[in-house]
Amino acid sequence: MQESPQQALESRINELTEHLSVIRRNMEKIIADNHRMREVVRIAESELRKRRDQVQKLENELKGLQNNRLEAKARVEHAMEKLDDLISSGQQGEAS
């Protein structure tokens, strides 16, 4: 027995309704995944900002330590020059 046009139309409408339901469920899954991914990205960006701040702080500390090292090296060299001057003036005093 063949379907009447009315039955064929209803059958087709039901089929399309089922397809729309599948599409809607898939869209809802995609939207939920999108929200999760946005949250992951937000957390990652926050972590990245925190890490960049830490790197900046460490770089500044390193520059400070390098400056302190150079200052200490200059003071040592200056002290050694003074010591050399004292030694040479002491030797000149002994020679006279």
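The values are calculated or read from the model by the stated rules, or taken from the named source; none is laboratory data. All values derive from a computational prediction rather than experimental measurement. Neighbour counts run over all protein chains shown; Cβ positions are idealised from the backbone, glycine included. The area values use the complete protein model at the heavy-atom level, side chains included, leaving out ligands, DNA and RNA. Shrake-Rupley method; radii C 1.70, N 1.55, O 1.52, S 1.80 Å.
Data table
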{"read-out": "Output for the range 1-12, where each listed residue is surrounded by 10 or more Cβ atoms within 10 Å (Cβ to Cβ) and out of contact with any Ser or Thr (no Cβ under 8 Å at 6 or more places or on another chain)", "value": "Gln7, Ala8, Leu9, Glu10, Ser11, Arg12"}
{"read-out": "Test: residue in the range 38-55 that is over 33 Å from the mean Cα position of the chain (by Cα) and either aromatic (Phe, Trp, Tyr) or open to solvent by 100 Å² or more (accessible area, probe 1.4 Å) (or both)", "value": "no"}
